[in-house]
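These notes concern the structure reproduced below.
The values are calculated or read from the model by the stated rules, or taken from the named source; none is laboratory data. Bear in mind the structure is a predicted one, so any value in this text is a computation, not a measurement. So basically every Cβ, Gly included, is an ideal-geometry build from the backbone, and we count neighbours across all protein chains shown. Accessible surface areas use protein heavy atoms only, side chains included; no ligands, DNA or RNA. Shrake-Rupley method; radii C 1.70, N 1.55, O 1.52, S 1.80 Å.
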Amino acid sequence: QVQLVESGGGLVQAGGSLRLSCAASGFTFSSYDMIWYRRAPRKERELVAAITSAGHMSNYAESVKGRFTISRDNAKNMVYLQMNSLKPEDTALYYCNALPSFSPWGQGTQVTVSS
């Protein structure tokens, strides 16, 4: 069965940094592009960052471009999201998934940025 386990969230002050991790299992990880999503209060889920299966290319939402970096380690079935210069508007529940998405989704990891 597919499992996606996000971790690394927490409470940080504006301008701070966090590194999120996603541990994946139950599928051929290296065959799939991976994506970080987030859902902020009163907002729809949005794509934050994506990385191709071999890690050669990545893409980001305009709102996080230049501040966040997605990476992956296929030998460890791990995806990471380095989040720098955090802003209060980054506050959200962060999820990882593959493209196409698997179900069930993980629990997500909460990121809260105080002003």
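Note down the accessible area of Met57, probe 1.4 Å, to the nearest 10 Å². Taking all protein chains as shown, Met57 has close to 140 Å².
Shown in residue order for the range 70-82 are the 3J(HN,Hα) couplings computed by the Karplus curve 6.51 cos²θ - 1.76 cosθ + 1.60 at θ = phi - 60°: 9, 8, 8, 10, 5, 5, 10, 6, 10, 10, 10, 9, 7 Hz (x for Gly and Pro). Note on Gln107 and Thr28: the model spin-label points, each 7 Å out from Cα along the C-beta direction, lie 3.1 nm apart. The HN-Hα couplings worked out from phi for the range 23-39 by the Karplus form 6.51 cos²θ - 1.76 cosθ + 1.60 (θ = phi - 60°) are 9, 10, 7, x, 8, 7, 3, 5, 8, 10, 4, 10, 9, 9, 10, 8, 10 Hz, whole numbers, x standing for Gly and Pro.
Accessible surface of the chain, 1.4 Å probe: 48 percent of it comes from carbon and sulfur atoms. With all protein chains kept in place, the per residue accessible area of the chain amounts to 54 square angstrom at a probe of 1.4 angstrom. Assuming charge only on the beta carbon of Lys and Arg (+1) and of Asp and Glu (-1), the dipole of the chain about its Cα centre is about 140 debye to the nearest 20. The Cβ shell under 10 Å around Arg45 holds other residues with a net charge of +1, Lys and Arg each +1, Asp and Glu each -1.
In this structure, the amide hydrogen of Lys87, modeled 1.01 Å from its nitrogen in the peptide plane, lies closer than 5 angstrom to those of Gly15, counting only residues at least 5 positions away or on a different chain. For Ala49, the residues 5 or more places off, or on other chains, whose built amide H falls under 5 Å of its own are Trp36, Ala61.
The residues packed around Gly16, meaning those with a beta-carbon under 13 Å from its beta-carbon, carry a net charge of +2 if Lys and Arg are +1 and Asp and Glu are -1.
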